[in-house]
1. Kindly indicate the residue of the stretch 209-218 that is touching a Leu at 6+ places or on another chain (Cβ under 8 Å) and assigned to a loop (DSSP other than H, G, I, E, B) and also surrounded by the fewest Cβ atoms within 10 Å (Cβ to Cβ) among those meeting that condition.
2. For the stretch 246-270, give me each residue that is within 12 Å of Ser140 (Cβ to Cβ) and at pLDDT below 95.
3. Specify the residue that is surrounded by the fewest Cβ atoms within 10 Å (Cβ to Cβ); the eligible residues are those in the stretch 219-258 that are under 22 Å from the mean Cα position of the chain (by Cα) and polar (S, T, N, Q).
4. In the stretch 246-262, how many residues are over 17 Å from Ala208 (Cα atoms) and touching a strand residue (DSSP E or B) at 6+ places or on another chain (Cβ under 8 Å)?
5. Taking the stretch 259-286 as the search range and keeping residues that are over 16 Å from the mean Cα position of the chain (by Cα) and surrounded by 17 or more Cβ atoms within 10 Å (Cβ to Cβ), which one is nearest to Gln39 (Cα to Cα)?
6. Kindly indicate the residue of the stretch 157-189 that is among the β-branched types (Val, Ile, Thr) and in contact (Cβ under 8 Å) with a residue 12 or more places away in the chain and also farthest from Val258 (Cα to Cα) among those meeting that condition.
Amino acid sequence: MKKYLFYILFFHLLLSCHSATKKESTSRKGILTVTIEPQRFFLEQIVGDAFVINTLVPPGTSPETYEPAPSVMVEMGNSLLYFMVGDLGFEKAWSERLAANNPDVIIVDCSAGIVRLESDEQEGHGHGHAHGDVDPHVWSSPRAMEIFSRNMLEAVVQADPENEKVYRSNYEKLNDMIIATDSLIREKLTRASSRSFVIYHPALAYFANDYNLHQHSVEFEGKNPSPAQIKELVDLARVENIHTVFIQKGFDKKNTEVIAREIGAEVFEIDPLSYEWERELVRIADILSREADE
């Protein structure tokens, strides 16, 4: 009995040592911070488990209305790199404050080099943000994400040159996936019976631009539409033979459902901020091309 007790205690001691070593190893890893979950997906493909990656905006929260708590600044200050999307409202102010208080944190603009769209450039009859604003939703475009992810790669290589070969190899695999996703979406959308869709919040402008589509948003300058604006959108949807209405998680469905009933369209909940970036974009393409298969 004593012999078995000795082995049990020894086994537990080994587990405790392994757990402590694992925690210590994790704590020694550098910290990288991103703004949204799709960024975390791309960064993880590049760095693997070499770093701890924190996401600033919690899942289910809109990055355009997000207000970071003061404690977040402390957490960001522990990061080796902060990867900002580039044009989200709070990012500029917070990145400036972060740079002032934590000069050792390297701030990376992931959208550098991407041709930006104005917020109403792919938003039909002027719905969405105010005219002249830059649309921040570049992650909805596979083409843009080739540039976006390369910006991430170069920043990581500069911060950790010893592992450059690994990061570049990982990036090549990631880039192959992005190209394959683009090709798959393009092939699926050849079957779409309409090149237009309605969406509550105009988050798919870059997606629409990539694939010769037209998005029309329910929101008007970030607010719920008036009855006159709803009528305008309904009339436009009928002219353009729109049968698909998208609503993002966390947004009010009421006006979207009213418009869908008026034009005889289906409402689909989507999550452009999903960590599973390629799966969600392919799913959106499947929805838009479904009518040809029915």
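The values are calculated or read from the model by the stated rules, or taken from the named source; none is laboratory data. In this text, all values refer to a predicted model and were calculated from it rather than measured experimentally. For neighbour counting, all protein chains shown are included, and Cβ atoms are generated from backbone atoms with ideal geometry for every residue, glycine included.
1. By that ranking, first place goes to Leu213.
2. Narrowing the stretch 246-270 to residues within 12 Å of Ser140 (Cβ to Cβ): 246, 248, 270.
Residue satisfying the conditions is Gln248 alone.
3. The selected residue is Gln248.
4. 6
5. Ala285
6. In the first step, residues of the stretch 157-189 are kept if they are among the β-branched types (Val, Ile, Thr); the result is 157, 166, 178-179, 181, 185.
Next, only the ones that are in contact (Cβ under 8 Å) with a residue 12 or more places away in the chain stay: 166, 178-179, 181, 185.
Details: Val166: 51, Ile178: 36, Ile179: 37, Thr181: 33, Ile185: 29 Å.
Per the criteria, the residue is Val166.
Yes/no matrix, rows are residues, columns are (1) surrounded by fewer than 18 Cβ atoms within 10 Å (Cβ to Cβ); (2) over 26 Å from Gly222 (Cβ atoms); (3) at pLDDT 90 or above; (4) more than 20 Å from the chain's Cα centre (by Cα):
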site: Glu67; (1), (2), (3), (4): yes, no, no, no
site: Val72; (1), (2), (3), (4): yes, no, no, no
site: Gly89; (1), (2), (3), (4): yes, no, no, no
site: Leu98; (1), (2), (3), (4): no, no, no, yes
site: Ser111; (1), (2), (3), (4): no, no, yes, no
site: Val115; (1), (2), (3), (4): yes, no, yes, no
site: Ser119; (1), (2), (3), (4): no, no, no, no
site: Gln122; (1), (2), (3), (4): no, no, no, no
site: Gly132; (1), (2), (3), (4): yes, no, no, yes
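Matching residues to (1) assigned to a helix (DSSP H, G or I); (2) buried (at least 17 other Cβ atoms within 10 Å of the Cβ); (3) not basic (Lys, Arg):
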{"site": "Val157", "(1), (2), (3)": "yes, yes, yes"}
{"site": "Ser169", "(1), (2), (3)": "yes, no, yes"}
{"site": "Lys173", "(1), (2), (3)": "yes, no, no"}
{"site": "Thr181", "(1), (2), (3)": "yes, yes, yes"}
{"site": "Arg191", "(1), (2), (3)": "no, no, no"}
{"site": "Phe197", "(1), (2), (3)": "no, yes, yes"}
{"site": "Ala203", "(1), (2), (3)": "no, yes, yes"}
{"site": "Phe207", "(1), (2), (3)": "yes, yes, yes"}
